[in-house]
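First the structure, in the form of C-alpha cells, and then the observations on it.
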Amino acid sequence: MGRALRLRCPRCGVGKMFSGPLTTCERCSHCRLKYERAPGYFLGSIYINYGLTAMATTVSYVVLHVILGWTNRQLTFPLTGFCMVFPALAFRHTRALWLALDCHWDESLMEIEEE
C-alpha cells in the first residue's frame, strides 16, 4: 500500500506508474509489470474514488453541520466544490491503490517474469 501512495509499481516499488498527470504508463520501467491488463481494468478504481469522496463528504457534513452548526445553505457550495475537485486530485492514487490491491489478491502478478 505504501508503494501505491508513492505512485510506484506495486511489484518492485521502483518504476513510476504515471508518465503525466493523467497518463498511466503501459508497463513498469524496472520489472516490466503490465499495469492495465485489459480494457476497463481500472474501472474498480472509480469505485474506490467514489467511496472516498462520499465518505469524506459525509464526515465533513456531520462535523460542520451537526457539531459546528453550519447551515445547509452554508455547506452547499463548499461541499459541492469538494465533490468536484477531490475525485480529480485522487485519480492517480486510486488507480495505484486498485493495482496494488489486485497484486495483493492475485499473487501470480507479484512473480517476476523471466525474459
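Where a number appears in this text, it was derived from the coordinates with a stated rule and is not lab data. For clarity, every value in this text was computed on a predicted model and none was experimentally measured. Neighbour counts run over all protein chains shown; Cβ positions are idealised from the backbone, glycine included.
Numbers below:
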{"item": "Segment LEU7-HIS65, extension gain: residue separation times 0.36 nm, minus the distance between their alpha carbons", "result": "17.4 nm"}
{"item": "Net length gained if the chain between ARG32 and LEU101 were fully extended (0.36 nm per residue, minus Cα distance)", "result": "23.0 nm"}
{"item": "Cα-projected label distance for TYR41 with THR57, points at 7 Å along beta-carbon direction, nm", "result": "3.0 nm"}
{"item": "Net charge contributed by nearby residues that have their C-beta within less than 12 Å of ALA100 (K/R +1, D/E -1)", "result": "+3"}
{"item": "Listed residues ALA38, ALA100, ALA56, most fluctuating in the chain (Gaussian network, C-alpha, under 10 Å)", "result": "ALA38"}
{"item": "Angle between the chain longest axis and helix 43-61 axis [Cα atoms, degrees, rounded to 10]", "result": "30 degrees"}
{"item": "For P(r) over Cα pairs in 5 Å bins from 0, in percent, calculated from these coordinates, the label among [x] 2, 11, 19, 20, 14, 10, 8, 7, 5, 3, 1, 0, 0; [y] 2, 11, 22, 23, 17, 12, 8, 4, 1, 0; [z] 2, 8, 7, 8, 8, 9, 8, 7, 6, 6, 6, 5, 5, 4, 4, 3, 2, 1", "result": "[x]"}
{"item": "Set of segment 24-56 residues, backbone N closer than 18 Å to the point 7 Å along the Cα-Cβ line of PHE18", "result": "24-29, 35-36, 41-53"}
{"item": "Amide H contacts under 5 Å for PHE18, placed H, 5+ residues apart", "result": "CYS25"}
{"item": "Backbone HN-Hα couplings from phi across segment 91-104 [Karplus 6.51/-1.76/1.60, Hz, Gly and Pro as x]", "result": "3, 5, 5, 6, 5, 4, 5, 4, 5, 5, 5, 4, 5, 5"}
{"item": "Isolated Cys in the chain, by beta carbon distance under 4.7 Å", "result": "CYS25, CYS83, CYS103"}
